[in-house]
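The values are calculated or read from the model by the stated rules, or taken from the named source; none is laboratory data. This one's a predicted model, so the numbers in the text were calculated from it and none came from an experiment. Don't worry about glycine lacking a Cβ; one is built from the backbone with ideal geometry, like all the others, and counts go over all protein chains shown. Surface accessibility is based on the protein's heavy atoms, side chains included, excluding ligands, DNA and RNA. Shrake-Rupley method; radii C 1.70, N 1.55, O 1.52, S 1.80 Å.
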Amino acid sequence: MAKQLNFGIIGFGFMGQTHAETIKGLDYAHLKAVCDTNESQFEYAPTGVKTYVSANDLLADETVDTVIIAVPNLLHLEMVVKAAKAKKDIICEKPLAMNSEEVKEMMAVTKEEKVRFTVHHQRRWDHDYRVAKEVYDQKLLGNVYTVKSSLYGFNGNMHDWHIYPELGGGMLYDWGVHLIDQILWMIPAKLQTVYADVRNVINENVDDYFNIQLYFDNGVNAQIELGTYFLNSSENWFERHWFVGGDKGSAKIDGFNPKGEITRTSELLGNVPGKITMTHAGPTRSFGPAPEGRILTEELPKVEVSHRMFFDNYYAHTQGTEELTIQSDQILRLMQVVEAIRISAKYHQSIHFE
């Protein structure tokens, strides 16, 4: 019989409770214990689960073989080191660390202690992302030259500990690492140049807007834009948006439950004299309205995916049947990109990366 996973969760706030709910649905896993310094959080713990106010006590629990670390970002390094030395396998929330040097420390200690180690980048299994990735992987648009990923919100302000930069607050650490990780995993090429604009629009201490340009050596330019106070009255504006452009067509993918289409043209404009089209902006041929029948649309590829697949992959890895989808060296590269983004934004300069 395959070995069951016995989880302990360190940090039982929103994400810790989310993990507890996910574990309920896994037939190969049990939640044995949760830990939080705020005992009122235990109100949300499943019946029969042990509760600890000290991480050291949870790590001493021999019924726990795998810990999920869901404490504020500043504490990730401390908890990963403690868990590794306690010989527990580790799933850590994102962002894995405050900087790349901390990631290197984590990689070293988990290797030395011979424990499994991965990061909860579950948004590699987002439906919208996997549709965009399928378009890219299948070369449905020919040679892709641009990918745009964007996410906009209206509430603006950060909340809880996310308002404190010293705790790892701000959107670059929150959603940013997910959106960047998606692009880096989609485009398997060297990242040549990073250019970024990162701002505090209505939050005094932490970033709430960024526009990141990533230039890869295979010719793809990826743009990632996020704003927590980026307003528009268009329907479904406050959702995920993708645009992928290639030399054989374009794709738009909108929403976490994605809708959209692939668009092509039945023929290109010939490079010969022709009838001038008058528009409001003046005479044009390339940017005038398309003749009837010129624009063709196709359905997006179908993808079946869910966030529990993160845990399915982790479990398969423990059984020796799959490699971990999320490798620590990938996350080290991700954190190095985040550092390059901060330098670029500070000095308004392009940063040569790889």
How much mean residue ellipticity at 222 nm does the chain get from its helices, if each DSSP H run of length 4 or more adds -39500 (n - 2.57) and you divide by all residues, to the nearest 500 deg cm²/dmol? -8000 deg cm²/dmol
Taking the Cα centre as origin and putting +1 on Lys and Arg beta-carbons and -1 on Asp and Glu beta-carbons, what dipole magnitude results for the range 115-207, to the nearest 20 debye? 500
Please compute the modelled spin-label separation between Asn257 and Thr51, points set 7 Å along Cα→Cβ, answer in nm with one decimal. 3.5
At R0 = 45 Å, how high is the FRET efficiency between Lys3 and Asn143 if r is their beta carbon distance? Nearest 0.05 is fine. 0.50
How much of the DSSP bridge set in the chain is antiparallel, in percent, rounded to the nearest 5? 60
Through the Karplus equation 6.51 cos²θ - 1.76 cosθ + 1.60, θ set to phi - 60°, convert the phi angles of the range 203-219 into ³J(HN,Hα) values in whole Hz; use x for Gly and Pro. 9, 5, 10, 10, 6, 9, 8, 8, 10, 10, 10, 10, 10, 9, 6, 8, x
FRET efficiency, Ser350 to Glu101 (Cβ-Cβ, R0 30 Å, nearest 0.05): 0.80
How would you classify the range 1-70 from its alpha-carbon gyration tensor, with a ≥ b ≥ c the square roots of the eigenvalues: rounded for a/c under 1.5, else prolate if a/b is greater than b/c, otherwise oblate? oblate
Report ³J(HN,Hα) in whole Hz for each residue of the range 343-351, in order, from the Karplus equation J = 6.51 cos²θ - 1.76 cosθ + 1.60 where θ = phi - 60°; Gly and Pro get x. 5, 4, 5, 5, 9, 6, 10, 6, 10
Using +1 at the C-beta of Lys and Arg and -1 at the C-beta of Asp and Glu, which of Gly288, Gly153, Phe42 has the Cα lying farthest in the positive direction of the dipole of the chain? Gly288
Centroid-to-centroid separation of the range 91-166 and the range 286-304 [C-alpha atoms, Å]: 31
Apply the Karplus curve 6.51 cos²θ - 1.76 cosθ + 1.60, θ = phi - 60°, to the phi angles in the range 186-197 and return the couplings in whole Hz, x for Gly and Pro. 6, 10, x, 8, 5, 8, 7, 9, 10, 9, 8, 10
Along each principal axis of its Cα atoms, how long is the range 109-242 end to end? Whole angstroms, biggest number first, please. 51, 42, 28
The Cα radius of gyration of the range 68-114, divided by 2.2 N^0.38 Å with N its residue count, comes to 1.00
Mind listing the long-range amide H neighbours of Tyr52? Cut-off is under 5 Å, sequence gap 5 or more, other chains count too, H placed in the peptide plane at 1.01 Å from N. Val34, Cys35, Asp36
Could you give the size of the charge dipole of the chain about its Cα centre, using +1 on the Cβ of each K and R and -1 on the Cβ of each D and E, expressed in debye and rounded to the nearest 20? 900
Mind running the shape call on the range 38-187? Use the C-alpha gyration tensor, a ≥ b ≥ c as the square roots of the eigenvalues: rounded below 1.5 for a/c, prolate if a/b tops b/c, oblate otherwise. prolate
Mean accessible area per residue over the chain (1.4 angstrom probe, all protein chains present, square angstrom) is 51
For the pair Ala290/Glu204, report the inter-label distance in nm, with labels modelled 7 Å from Cα in the Cβ direction. 5.0
Go through [x] 21.2; [y] 22.3; [z] 25.8 and flag the label whose value is the computed Kirkwood radius over Cα pairs in Å for this structure. [y]
Whether the range 186-258 is rounded, prolate or oblate, judged on the alpha carbon gyration tensor where a/c under 1.5 counts as rounded: oblate
Summarise the accessible area of the chain (1.4 Å probe, protein heavy atoms) by the percent that is carbon and sulfur. 50
With N set to the number of residues, divide the alpha-carbon radius of gyration of the range 71-159 by 2.2 N^0.38 Å and report two decimals. 1.47
Set of lysines with alpha-carbon distance to Lys87 below 30 Å, sequence-local pairs under 8 removed: Lys3, Lys24, Lys32, Lys50, Lys104, Lys111, Lys114
Connecting C-alpha atoms closer than 10 Å in a GNM of the chain, tell me which of Asn200, Asn155, Asn143 has the biggest fluctuation. Asn155
With the dipole of the chain worked out from charges on the C-beta (+1 for Lys and Arg, -1 for Asp and Glu) around the Cα centre, which of Pro301, Val119, Val81 lies farthest toward the positive end? Pro301
Taking only C-alpha pairs under 8 Å that are 6+ residues apart, what is the relative contact order of the chain in percent? 17
Taking Lys252 as the anchor, which lysines have their alpha carbon closer than 26 Å to its alpha carbon, excluding any fewer than eight residues away along the same chain? Lys133, Lys139, Lys148, Lys190, Lys302
